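The values are calculated or read from the model by the stated rules, or taken from the named source; none is laboratory data. None of the values given here were measured: they were computed from a predicted structure. Cβ atoms come from the backbone with ideal geometry, glycine included; neighbour counts cover every protein chain shown. Note: accessible area is taken over every heavy atom of the protein model, side chains too, but ligands, DNA and RNA are not part of it. Shrake-Rupley method; radii C 1.70, N 1.55, O 1.52, S 1.80 Å.
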Amino acid sequence: MFLTISTTGTHERPATDLGYLLHKHPDKAQAFSTSYGKAHVLYPEADAQRCTAALLLEVDAVALVRRGKGKGRGGAPDAALAQYVNDRPYAASSLLAVALSNVFSSAMRGVCTARPERATEPLPLRVEVPALPARGGPDLVRNLFEPLGWTVTVEPVALDTEFPEWGDSRYVHLVLESETLTLAEALRHLYVLLPVLDDAKHYWVAPDEVDKLLRVGEGWLPEHPEQKLITSRYLSRRWSLTRQAMERLELVRLAEADDSEVEEIDNAVEAEAETEEKPTPLAVQRRDAIVAALQESGATRVLDLGCGQGQLVQALLKDVRFTEIVGVDVSMRALTIASRRLKLDRMGERQASRVKLLQGSLAYTDTRLKGYDAAVLSEVIEHLDLPRLPALEYAVFGSARPRTVLVTTPNVEYNVRWESLPAGHVRHGDHRFEWTREEFRAWAATVAERHGYEVEFRPVGPDDPEVGPPTQMAVFVMSAADGKNPNEKEAKAA
Ligand code: SAH
């Protein structure tokens with residue numbers, strides 16, 4: 001399987017600069033081992049006028065099959081692969097996309113120390129992929145590449161005569177041409193769109209794929225008219241991941257949009273949510289469980305610690321019993337998006353007086369957090385390195401000391417039930433740990449004991465008889481005897 005990337009140039013701006021941009025010298029044929037075989041980079045032509053780099057991947061079919069049988073990244077067999085294993089050595093696909101990102105990783109990031117100015121400017125580019133499995137046919141190929149500034153020439157390959165109907169034909173010969181894109185942009189488009197067209201990823205899709213997609217899609221995916229199809233296919237149609245990615249892309253757009261657009265997007269999202277017949281996402285179940293527990297607790301002044309992009313704050317604002325809602329996060333970016341989501345700058349005075357967003361780290365005591373009825377730590381503790389956890393524990397239970405504290409965290413035992421999650425993997429790239437029910441209970445019991453709280457546990461999401469629920473929640477309530485805690489005295493003294 002292979003593809004070529006060509007550019008043209010002049011004496012002053014030679015086409016052979018492509019070699020610098022790709023970090024691969026035009027005079028040498030080079031080979032790199034990848035997990036699925038050998039990738040070769042060579043230059044069929046290289047002079048000032050024209051330069052072509054070819055990436056050729058020699059797939060090791062045995063390694064591929066062996067990986068598919070459980071020694072691969074996820075340790076899980078990929079049923080989608082088995083069907084197509086025969087075309088893998090020949091067809092451009094996710095294997096080629098991965099080789100592309102391995103071999104041209106600096107180029108994909110737009111890094112070029114030898115010719116930095118050329119890395120950031122558009123080049124005349126021509127990309128040719130002789131055998132691209134294209135599920136969806138030439139129309140889809142055009143719909144994917146044209147909005148990005150490519151001129152697309154797409155022709156069926158010979159197989160087509162056996163399958164006259166376009167819908168059934170998988171292979172096309174693709175030529176992409178552009179004068180407006182940088183090489184890095186071109187590589188990122190290919191990295192995402194080749195496997196999207198193939199629609200059968202060779203490796204197990206883990207949740208960190210969402211991060212990867214958003215990173216590589218930066219600058220073009222949020223505005224792409226086929227964003228939904230791209231996202232869902234790229235994530236191998238794992239619905240929960242797609243949903244996550246769509247939510248986050250939405251937020252990128254919200255952050256970049258001006259206010260009238262924000263409203264439009266919000267309306268569109270709501271309309272879509274209403275028509276969707278999908279099970280309630282876990283994030284929503286968690287939010288509902290938290291709101292219910294807060295309502296039960298009788299709290300009116302509430303802290304959302306590690307509030308992220310403000311979804312819970314938004315939900316709490318809808319209930320007038322919550323008179324003061326404070327979102328705290330260490331990430332300024334998250335808070336900016338939260339503020340946008342809540343439309344803080346356009347809120348009436350009364351509503352605005354109920355809500356506040358603060359930047360701060362939970363690893364330090366913070367006097368601004370004292371004197372509240374309740375605090376929520378929703379999916380936050382697992383983002384701290386374990387050695388930092390005692391600091392958070394003290395800041396919340398020792399210093400801020402709200403009467404009620406709700407803590408949710410993933411139950412790692414449940415991970416075997418996520419179809420998209422390979423054994424031994426955590427659910428999110430940034431999770432520093434994930435606990436079993438027993439580990440969480442032990443931690444919570446120690447915290448309660450040390451700081452004078454009673455604690456009980458609730459499942460969130462389907463409570464599996466064997467492995468428990470996907471999310472575990474601890475509800476801490478300050479022990480009666482501790483009601484008059486040292487902080488109250490402090491508060492009076494102050
Ligand atoms: N509570 C939200 C977000 C969870 S993601 C929800 O349930 O959806 C975890 C959040 O914790 C992130 O927004 C991250 O920025 C924040 N966070 C991580 N470490 C933190 C710290 N030390 N102090 C404050 N916030 C932190």
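Structural remarks
- Scanning the stretch 450-461 for residues that are open to solvent by 20 Å² or more (accessible area, probe 1.4 Å) and either closer than 20 Å to residue 296 by Cα or not assigned by TED's automatic domain parsing to the domain that holds residue 400 (or both) turns up 454, 455, 456, 457, 458, 459, 461.
Residues are listed down the side, and each one gets a yes or a no for (1) within 15 Å of residue 328 (Cα to Cα); (2) part of a loop (DSSP other than H, G, I, E, B); (3) open to solvent by less than 70 Å² (accessible area, probe 1.4 Å); (4) not assigned by TED's automatic domain parsing to the domain that holds residue 315:
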{"residue": "345", "(1), (2), (3), (4)": "no, no, no, no"}
{"residue": "358", "(1), (2), (3), (4)": "yes, no, yes, no"}
{"residue": "361", "(1), (2), (3), (4)": "yes, yes, yes, no"}
{"residue": "364", "(1), (2), (3), (4)": "yes, yes, no, no"}
{"residue": "368", "(1), (2), (3), (4)": "yes, no, no, no"}
{"residue": "372", "(1), (2), (3), (4)": "yes, yes, yes, no"}
{"residue": "388", "(1), (2), (3), (4)": "no, no, no, no"}
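- Taking each residue of the stretch 304-324 that is in the same structural domain as residue 342 (by TED's automatic domain parsing) and modelled with pLDDT of 95 or more and looking for partners that are assigned to a loop (DSSP other than H, G, I, E, B) and within 15 Å of the ligand (Cβ to nearest atom) with beta-carbon atoms closer than 7 Å, six or more apart or interchain, yields 305/362; 305/380; 306/362; 306/380; 313/307.
- Of the residues 82, 46, 39, 53, the single one that is of a type in the set (A, V, I, L, M, F, W, C), modelled with pLDDT of 85 or more and open to solvent by 30 Å² or more (accessible area, probe 1.4 Å) is 46.
- Taken across the stretch 121-137, residues that are touching a strand residue (DSSP E or B) at 6+ places or on another chain (Cβ under 8 Å), farther than 17 Å from residue 183 by Cβ and assigned to a helix (DSSP H, G or I) do occur, with at least one present.
- Whichever residue in the stretch 317-374 is hydroxyl-bearing (Ser, Thr, Tyr) and touching a strand residue (DSSP E or B) at 6+ places or on another chain (Cβ under 7 Å) and, among such residues, is nearest to the ligand (Cβ to nearest atom): 339
- Total residues in the stretch 400-423, condition closer than 27 Å to residue 322 by Cα and either open to solvent by 10 Å² or more (accessible area, probe 1.4 Å) or not in a helix (DSSP H, G or I) (or both): 10
- Taking residues in the stretch 337-363 that are in contact (Cβ under 8 Å) with a residue 40 or more places away in the chain, and partners anywhere that are near the ligand (Cβ under 10 Å from one of its atoms) and among the polar types (S, T, N, Q), the pairs with Cβ atoms closer than 6 Å and at least 6 places apart or on different chains are 337/309.
- The stretch 429-442 - residue that is at pLDDT 90 or above and in a loop (DSSP other than H, G, I, E, B) and, of those, farthest from the ligand (Cβ to nearest atom): 436
- Count - residues of the stretch 294-310 that are buried (at least 19 other Cβ atoms within 10 Å of the Cβ) and out of contact with any Phe, Trp or Tyr (no Cβ under 8 Å at 6 or more places or on another chain): 7
- The single residue among 334, 352 that is of a type in the set (Gly, Ala, Ser), farther than 18 Å from residue 375 by Cα and open to solvent by less than 20 Å² (accessible area, probe 1.4 Å) turns out to be 334.
- In the condition set (1) in contact (Cβ under 8 Å) with a residue 60 or more places away in the chain; (2) touching a Lys or Arg at 6+ places or on another chain (Cβ under 7 Å); (3) open to solvent by 20 Å² or more (accessible area, probe 1.4 Å), residue 464 is compliant with all but (1).
- Apart from one condition, residue 426 fits all of (1) within 16 Å of the ligand (Cβ to nearest atom); (2) crowded, with 19+ Cβ neighbours inside 10 Å; the exception is (2).
- Flag for residue 119 being modelled with pLDDT of 85 or more and open to solvent by less than 20 Å² (accessible area, probe 1.4 Å): yes
- When 377, 392 are checked against the criterion of being at pLDDT 95 or above, within 13 Å of the ligand (Cβ to nearest atom) and within 23 Å of residue 284 (Cα to Cα), a single residue qualifies: 377.
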